[in-house]
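The next block holds one structure in the form of structure tokens; read it before the comments.
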Amino acid sequence: GSRRNLVRTEYCRRLVRLFDAMLDNRGVHLDLHLHQMLTPVSTCVVARKLSDGPRGDHWALRNEAGAALVKACRRYGTQYATMKPRVVRLLATQALRHDRPRATQYGGICALGMFGPRAVDAFLLPAARGYWVRWEEEMDELSSSGPTPGGRGDAASKAAKMNELSMCQQAMLDAMRVFLQEVSPAEQAGRVDGESLSDVFGERLIPMLPERSDYMLSVL
């Protein structure tokens, strides 16, 4: 049933794209069915597994599903005031936990970043340092480990884990960019511990600062 469909990546992408197209069509009124549609689309963002093989691009599916959620909230958020907060809380609750799979963390971070600087400020900034340090430690551990007895299969598993960590890091950097480029330098100074961020992200933050604010540059 529905669980089997979740690992059919292209099937899920077609359904997400259909939902996205329906949101664009002002002649289609989804009001009565919105709740039933939001649940599976949200699942396509944070599900543990969305691919039945290496050719299934579940990363792209998570991105597309996240973008569709944002579009739905923009279209119907005024009509249903609790809709956006519920979706954002769901993403944060499901994804921002250290015991969740990396793919789930990636999907949640990407989608929260798409919801804009306020969502990043509320949910990702407080967690960014902890996640980044943990990912770096895991990456270092994988990089320093020698050849495994299992041969090619274990090597592929190691490469897959490193790719998952790299995707999570890029998602966090993209979310940080949303905040740093859309929030004024004055507000950044009041919301962000620049020294803490610079300790973790270092020079990666510089391309994200279009105005090169004295505050942020001074701590890099």
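The values are calculated or read from the model by the stated rules, or taken from the named source; none is laboratory data. Bear in mind the structure is a predicted one, so any value in this text is a computation, not a measurement. Here the Cβ positions follow ideal geometry from the backbone for every residue, glycine too, while neighbour counts run over all protein chains shown. Please note that ligands, DNA and RNA were not included when accessible areas were found on the heavy atoms of the full protein model with its side chains. Shrake-Rupley method; radii C 1.70, N 1.55, O 1.52, S 1.80 Å.
Note on Arg204 and His98: their simple-model spin labels are 1.8 nm apart, each label 7 Å out from Cα toward Cβ. For the residues His58, His29, a 1.4 Å probe over the protein chains yields an accessible-area ranking, largest first, of His29, His58. Note on Trp59: accessible area is roughly 40 Å² with a 1.4 Å probe, heavy atoms of protein only. Accessible area ranking (1.4 Å probe, heavy atoms, ligands and nucleic acids excluded), largest first, for Thr104, Thr93: Thr93, Thr104. Note on Phe123: accessible area is roughly 70 Å² with a 1.4 Å probe, heavy atoms of protein only.
Here the Karplus curve 6.51 cos²θ - 1.76 cosθ + 1.60, taken at θ = phi - 60°, turns the phi angles of region 80-92 into couplings of 10, 5, 8, 5, 4, x, 5, 5, 5, 5, 4, 4, 5 Hz, with x standing for Gly and Pro. You can think of it this way: the chain between His33 and Arg129 has 30.7 nm of extra reach, that is 0.36 nm per residue less the Cα-Cα gap.
Tyr80 sits with roughly 80 Å² accessible to a 1.4 Å probe, with DNA, RNA and ligands left out of the calculation. Rolling a 1.4 angstrom probe over region 55-165 with all protein chains present gives an accessible area of which 53% lies on carbon and sulfur atoms.
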